[in-house]
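Report on one structure; see the data block that follows.
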Amino acid sequence: KLDVTDASGNKWPLSFNITVAQIGAVLIVDKLTVQQDTNDDGVVNKGEYVGLYVSLKNKGGSPAPGNVKGVLSTSDAYVSISNSNTSSYGTIGAGQVSKGSYIYAFTVAKNCPAGHVIPFKLDVTDISGNLWPLSFQMTVK
């Protein structure tokens, strides 16, 4: 409700509704797929090289325009990300999922304890300069 008053003191009570609609792209991490690992068991183990697909989903009402890219990083001392820390996702339409064109590659240290949780950061950008700072975790078995 909004009351409008003019300079003479006249009042008009107004009532109205505002509908807020989500019109932009909203990207989230949809699925993690271990595509490659040293012993081919599909699980992250200590001392392993891992190739990982990170699928992104657009939960928004508009496409994430072309050239969507993700850059993977971590501050974890047990993990070393290789030069393969970038993947391209193209345009991700509203409601669509893209697994990206390249795997992210990293190595887990041999002295990493089982049960250790690795925090990853995935900075996703599009051709318009939008940024989605995403994060996910993986547990070492």
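One table, with the values for the structure above:
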read-out	value
Filtered residues of region 29-50 (kept if open to solvent by 70 Å² or more (accessible area, probe 1.4 Å) and part of a loop (DSSP other than H, G, I, E, B))	38, 39, 40, 41, 46
Subset of region 58-74 [open to solvent by 60 Å² or more (accessible area, probe 1.4 Å) and more than 13 Å from residue 89 (Cβ to Cβ)]	59
Hits in region 10-26 (condition: at pLDDT 85 or above, closer than 30 Å to residue 57 by Cα and loosely packed, with under 10 Cβ neighbours inside 10 Å)	none
Some residue of region 51-64 being aliphatic (A, V, I, L, M), outside any strand (DSSP E or B), touching a Ser or Thr at 6+ places or on another chain (Cβ under 9 Å) and closer than 12 Å to residue 106 by Cβ	no
Identity of the residue in region 102-141, in contact with a Phe, Trp or Tyr (Cβ under 6 Å, 6 or more places away or on another chain) and assigned to a loop (DSSP other than H, G, I, E, B), that ends up least open to solvent (accessible area, probe 1.4 Å)	112
Qualifying residue in region 82-92 (condition: within 20 Å of the chain's Cα centre (by Cα) and more than 24 Å from residue 127 (Cβ to Cβ))	yes
Residue 5 vs. criteria farther than 17 Å from residue 132 by Cα and not hydrophobic (A, V, I, L, M, F, W, C)	yes
Counted residues, region 65-95 - those being touching a Gly at 6+ places or on another chain (Cβ under 8 Å) and in a strand (DSSP E or B)	10
From the options 88, 55, residue that is among the polar types (S, T, N, Q), modelled with pLDDT of 90 or more and out of contact with any Leu (no Cβ under 8 Å at 6 or more places or on another chain)	88
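The values are calculated or read from the model by the stated rules, or taken from the named source; none is laboratory data. Given the structure is predicted, the values throughout are model-derived calculations rather than measurements. Cβ sites come from the backbone with ideal geometry, for glycine too, and all protein chains shown count toward neighbours. With ligands, DNA and RNA removed, areas are computed over all heavy atoms of the protein, side chains included. Shrake-Rupley method; radii C 1.70, N 1.55, O 1.52, S 1.80 Å.
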